[in-house]
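A short worksheet on the structure shown next.
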Amino acid sequence: MELARTVARLDRWLEEHAPGDFRQLAPPAEPALITAVTENRFEPHPDVRSWLALHDGSALDPTPAAGAFVPTDFPLLGAADMCDGRRDMEDEVARALEEDEAEYVVGVMADVRWLPVAMNHTGGQLVVDHREGPGFGAVLELDPSIDELVKRRTF
């Protein structure tokens, strides 16, 4: 609930003071898409659900925006793209297990309980960690150019 109030306040401010940035934010996701984002593999973090109920990602608006407030280098994924990204994670984990490379991939570059929420033009991703434990809800930055987990931040 706190995230919803905070985003609503930010939306009002952006709409008034930075309309180009505000245009980058997509309208809310359909409730069915929000429910289906993890295909019942795990319960999405409450903040992911709240975010999608407010904005189904962000898009690069063809009209130039200031770009100062809504990051255009890491566009936020919508519910459908989050689901696709989660499936890609599952495929990568399955491949690693099959090829006996789990120690180099699982929990390092992919995990079946990581949900991608943003992706940049080089394939870098921000994922929300849905594994049980102290890291639940953390935002992780994955950088494929160096094959490792870069940062961990609380969502």
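The values are calculated or read from the model by the stated rules, or taken from the named source; none is laboratory data. This structure is a prediction, so every number in the text was calculated from the model and none was measured. Please note: Cβ atoms are built from the backbone with ideal geometry, for glycine as well, and neighbour counts cover all protein chains shown. In case anyone asks, the SASA skips ligands and DNA or RNA and just uses the protein heavy atoms, side chains included. Shrake-Rupley method; radii C 1.70, N 1.55, O 1.52, S 1.80 Å.
The figures follow:
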| item | result |
| --- | --- |
| Cβ-Cβ FRET estimate between E16 and A80, R0 fixed at 30 Å, reported to 0.05 | 0.50 |
| Å² per residue, accessible surface of region 1-144 at 1.4 Å | 54 |
| FRET E, pair A8, R95, Förster distance 35 Å, beta-carbon r, rounded to 0.05 | 0.25 |
| Length released on extending from D88 to V108, taking residue separation times 0.36 nm less the Cα-Cα span | 5.7 nm |
